[in-house]
Every structure is written in C-alpha cells, then in structure tokens.
1. Which count do you get for residues in segment 62-84 that are in contact (Cβ under 8 Å) with a residue 60 or more places away in the chain and not in a loop (DSSP other than H, G, I, E, B)?
2. Can you name the residue in segment 108-131 that is within 23 Å of Gly96 (Cα to Cα) and of a type in the set (Val, Ile, Thr) and, of all such residues, is surrounded by the most Cβ atoms within 10 Å (Cβ to Cβ)?
3. When you scan segment 202-222, do you find a residue that is basic (Lys, Arg), within 30 Å of Gly339 (Cα to Cα) and at pLDDT 90 or above, even just one?
4. Do the conditions hold for Leu8, that is, is it modelled with pLDDT of 90 or more, in a helix (DSSP H, G or I) and not hydroxyl-bearing (Ser, Thr, Tyr)?
5. All but one of (1) part of a loop (DSSP other than H, G, I, E, B); (2) within 27 Å of the chain's Cα centre (by Cα); (3) modelled with pLDDT of 90 or more hold for Gly121, so report the exception by its number.
6. Can you tell me which condition Glu244 does not meet? The list is (1) surrounded by 15 or more Cβ atoms within 10 Å (Cβ to Cβ); (2) at pLDDT 85 or above; (3) in a helix (DSSP H, G or I); (4) not hydrophobic (A, V, I, L, M, F, W, C), and all the others hold.
7. When you scan segment 85-102, do you find a residue that is over 24 Å from Asn165 (Cα atoms), part of a helix (DSSP H, G or I), out of contact with any helix residue (DSSP H, G or I) (no Cβ under 8 Å at 6 or more places or on another chain) and not small (Gly, Ala, Ser), even just one?
Amino acid sequence: MSLALKELRRRPGRFGVATVILTLIAILLMFLGGLLDGLTAGNTGAIRAQQADLIVYSATSQDSLVRSRIDPPERRQVEQVKGVDSVSELGSVQLGARIEGKGPRDLVPVVLFGYESASTGLPTTPTKPGEAWADDSLESEGVETGDILKIGPERSPVKVIGFVNDTRYTGQSTLWASMETWRKVQNENRSDARVAPGVSQALVVQAASGANANDLAISVDRATNDQTSSLTEDEAISALPGVESQQRVFNQIIGLTVLIAIIVVALFFALITVERIGLYGVLKALGARSGSLFAGVLLQAVIVTLIASVIGAIAALAMAAVIPPGSIPFIATGSRIAGSAFFLLLAAVIGCAFSLRRVLKVDPAQAMGAGQ
C-alpha cells in the first residue's frame, strides 16, 4: 500500500492518461445525469407541485390532463369517499403568450393552469380574475412581476403577480391562476373544448391521515362507477408522454458510459501490471502477499478515479451555474453527483479485478528471470 502511494507521488505522469480519460468520462456521466434530471423536472414540475396523494382523471382520458373532464357530480362522489381529506380542481391549457415589449408574432409557449387550493408546492391561489403566478423560467424571457401577458389567439390578458419555482410542464413554462381565470381563457381560445362552471380536467386528492393511497385510488374509482382513473403522484408522472422512455434511453447511455469506464480502468491497469511483473516477483520473493499487491493496484485506481470525480463534480456545478435558466435543461444535484462518483468507483474496482488474476499468478522465480 505504501509503495503504491509513493509511486503515485513520485511518478504522477504515469497515471496522467488514465486520469484525463476518466475525468472526461466523469464529466460526461455527470452531464448526462444532470440533463436527465433537468428534462424530467421540466416535464413533471407541475404534477410534483401538487404534493397530491392522488390525481383523478376521467376514465376515458387515457390519464391525459388535456383529454380529461371531471363534472361536479363526480367531484361530489369523490369527496364522499372514506379516507379522502380534501379535493380540489385542476385544469390546464397550452397556448402561446405574447410578452410586453416583443413583437406580435414572437410567442412563448406556456401552459396556463387553473388550481383551486394551494399545496406545499404552490402559493395561495390568485383571488383576482386575470392574475397568475409565473414559473421563474419565464424570467429568462424578460417577464417581470406586474407584466401583462396576452394569452392565445384571443390575447386574453393575464397579469403576473409573482414567480414560483420548479413548476414546468412538458418542457414548457407555466402560469398558475384561479379556476375561473382558467375557464375564461380556455373558453375564449379553445372554442372546441369549452368548459362549463364547475367542470375541471382533474381532481387533486389529499388523503386523510393513515389512508393508503393505492387503496384509496381503488375506492375512488369504485365510488364513481369506474368513471374516473385515479393515480398516485408517481403514477401520474409516469403516465406523462415520453417520461419513462426518456429515462430509459438516458439510463442506457449512462450504463454504457460506466461500461466504458470499466474498460478504460481494466486496460490501463492490466498494462501497468504487465510492466510490473518483475517488481512483483521481487516483492513476492521478499514475502509480499498477492492480496497486498492487488490492494496497492486497487488503491491507485480508486485515487485516480476520485480525482477524476472531483474534477467532474466541479465541472458539473460550474455548468449548472453558467447555463442560463430556460435554455438547456440541466440540473446538478448532490445526489446525482454522488451517484455518478459511486458508479465510477465501482467501475474502477471492477476494472482492477481483471488484473487480479495476473497478480495472483506471478511466480517470483520466473518473474525475476524474465526481468533479467
């Protein structure tokens, strides 16, 4: 172990190539992870902001907010289910927004949400018609508190009264208004999807203390004679178009990147081991055990990988700091950085394992003879 550390201090250039390659892999791994987290957050923020135990859609909606319609009788049926603590309405409409100071054709895609009661993820519902909270991603478009956005082809005016964080939906910025404002904007701009008073697209259900969300979902659908489809928050997020396939593709790419790291470590330290055959023979002749020799190789791989991970983490945090909000969906979280570092360390251990067999088979006499 001490010999391995001395070699790292005295001959750092010998490990330079492996450090550079692993650093590039670490940066790539953390960038892919941050990009995945950013895309997922940008697609699911509005659902996560509800902090709901259940999201209730109409049965024919295919768990899509746009296709769903909940009538007042169905809401009353849900409210009467044992284990339901509170029920509130939710509606959405995707339209283009004209921003003050920009051209009439310079539109920003937004999703206007109507919500009835505030959760821990949202502020108090606006009380005045035509007012809304805006997701802070709109700040990158030049939107400020007090600005009036003209929504949709009918240019329905919506005044921004403040900003909320992490509420994007399907990659678009959001506005959060009262249900009355939502119905007004919906009816003015989507004549084919007009909604009557009391009609919403979904219900946000908070369960009573001690109630199981999965069991409650079954009870709610049974109470409405299967006219509803009740999902937990995680299920509602998974039902969003493209979320699961997006995560699957990125996880496959991340897995391939880890595999490349294993190959890099394996090839580099296999070469190092071949070069040290004579040295290992001498050390074994002096009484060194194979396990101690391999532990030295493993220690060097771990140190090199840790250096690469630290540089990768610094690069990821720097990217998160310099990337403008609303541009590239990139988020650098401590858990993602730690997870990436763990997988790199695991790759280093597995890669070094390929050198173990060669170290164990070193014969002192043959190795010293080969070195002469």
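1. Here the count works out to 7.
2. Across segment 108-131, the extreme among qualifying residues is Val110.
3. no
4. The answer is no for Leu8.
5. It is condition (3) that Gly121 fails.
6. Of (1) surrounded by 15 or more Cβ atoms within 10 Å (Cβ to Cβ); (2) at pLDDT 85 or above; (3) in a helix (DSSP H, G or I); (4) not hydrophobic (A, V, I, L, M, F, W, C), only one is false for Glu244: (1).
7. No; the residues of segment 85-102 include none that is over 24 Å from Asn165 (Cα atoms), part of a helix (DSSP H, G or I), out of contact with any helix residue (DSSP H, G or I) (no Cβ under 8 Å at 6 or more places or on another chain) and not small (Gly, Ala, Ser).
Listed here are the residues, each with its yes/no results for (1) in a loop (DSSP other than H, G, I, E, B); (2) at pLDDT 90 or above; (3) in contact with a helix residue (DSSP H, G or I) (Cβ under 9 Å, 6 or more places away or on another chain); (4) small (Gly, Ala, Ser).
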{"residue": "Leu283", "(1), (2), (3), (4)": "no, no, yes, no"}
{"residue": "Ala301", "(1), (2), (3), (4)": "no, no, yes, yes"}
{"residue": "Ile307", "(1), (2), (3), (4)": "no, yes, yes, no"}
{"residue": "Ala313", "(1), (2), (3), (4)": "no, yes, yes, yes"}
{"residue": "Gly326", "(1), (2), (3), (4)": "yes, no, yes, yes"}
{"residue": "Ile337", "(1), (2), (3), (4)": "no, yes, yes, no"}
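The values are calculated or read from the model by the stated rules, or taken from the named source; none is laboratory data. Since we're looking at a predicted model, the values are computed, not measured. Heads up, the Cβs are rebuilt from the backbone with ideal geometry, glycines too, and the neighbour counts pull from every protein chain shown.
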